[in-house]
Amino acid sequence: MHASSSTLLLVDGYNVIGAWPSLNQLARRSLMELARLRLVESLASYVAFRGYQATVVYDSYAQPTPAQQERSPSGIGILYTPYGETADTCIERLCAQLQWDECRVRVATSDRVQQLVIGGYDAEWVSAEQLWEEVQQAQQQIRRIKPKRSPSKRGIDSYLDAETLARLNRWRLSGQDPTD
């Protein structure tokens, strides 16, 4: 593998949705849009924590639509393949294009054939189940290192230094107009 300065995670979207129980349940209830959204939300903190860039690839193989690209608010790329192209084919093409870049490429899919093909492009394979475990571990680590916040103060006293607060308090108690 290349000595790399960055990592790109390519996710076979429908393959992962089918493998993650909570997302698969949404898909079976015909809530595919929600399943896609939850996948991207689940990946957002993981890729930020790991310092990865990510693109989720969805098949539009049987839909007569052109390719479509978008970016989630968290910066994850979302790619819908054009009519006639599978997510596998798209991911293979991206791996071939990136194999000589100084970029580490990880592909998340449970497709065994895909595992063999992307390995030929010097990309790493991670199963959908392994990705789920990595996402859960990252969330636990994030919770452990996230600083405990004290209840935030409201009002002007949260913006003023102690000396100014003391002066205002003296004026308030004296009953004098502070502008005098």
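Quick notes on this structure:
- Looking only at the stretch 96-127, and only at residues there that are in contact with an Asp or Glu (Cβ under 8 Å, 6 or more places away or on another chain) and hydrophobic (A, V, I, L, M, F, W, C), the one that is most open to solvent (accessible area, probe 1.4 Å): V113
- For C90: the one exception among (1) within 18 Å of A128 (Cβ to Cβ); (2) assigned to a strand (DSSP E or B); (3) over 13 Å from the mean Cα position of the chain (by Cα): (2)
- Tally, over the stretch 116-129, of residues that are without any contact (Cβ under 8 Å) to a residue 12 or more places away in the chain and part of a helix (DSSP H, G or I): 2
- Count of the stretch 26-69 residues which are out of contact with any strand residue (DSSP E or B) (no Cβ under 9 Å at 6 or more places or on another chain), part of a helix (DSSP H, G or I) and not aliphatic (A, V, I, L, M): 7
- Of all residues in the stretch 64-81, none are crowded, with 17+ Cβ neighbours inside 10 Å, among the small types (G, A, S), over 12 Å from the mean Cα position of the chain (by Cα) and more than 30 Å from I145 (Cα to Cα).
- Among the candidates L10, L23, the residue that is modelled with pLDDT of 95 or more and out of contact with any strand residue (DSSP E or B) (no Cβ under 9 Å at 6 or more places or on another chain) is uniquely L23.
- Residues within the stretch 76-91 that are among the small types (G, A, S) and in contact (Cβ under 8 Å) with a residue 24 or more places away in the chain, tallied: 2
- Selection status of V57, without any contact (Cβ under 8 Å) to a residue 60 or more places away in the chain, touching an Asp or Glu at 6+ places or on another chain (Cβ under 9 Å) and under 19 Å from C95 (Cα atoms): yes
- Within the stretch 94-127, the set of residues being among the aromatic types (F, W, Y) and closer than 22 Å to L39 by Cα comprises W125 only.
- Residues in the stretch 1-59 that are polar (S, T, N, Q) and either open to solvent by 70 Å² or more (accessible area, probe 1.4 Å) or over 18 Å from the mean Cα position of the chain (by Cα) (or both): S4, S5, N24, Q25, S30, Q53.
- When residues of the stretch 71-121 are limited to those that are in contact with a Leu (Cβ under 8 Å, 6 or more places away or on another chain) and among the charged types (D, E, K, R), the one nearest to E41 (Cα to Cα): R106
The values are calculated or read from the model by the stated rules, or taken from the named source; none is laboratory data. Just so you know, these numbers come straight off a predicted model, no measurement behind them. All Cβ positions, glycine included, derive from the backbone under ideal geometry; neighbour counts span all protein chains shown. The protein model used for the area step is the full one, side chains on, heavy atoms only, and it has no ligands, DNA or RNA in it. Shrake-Rupley method; radii C 1.70, N 1.55, O 1.52, S 1.80 Å.
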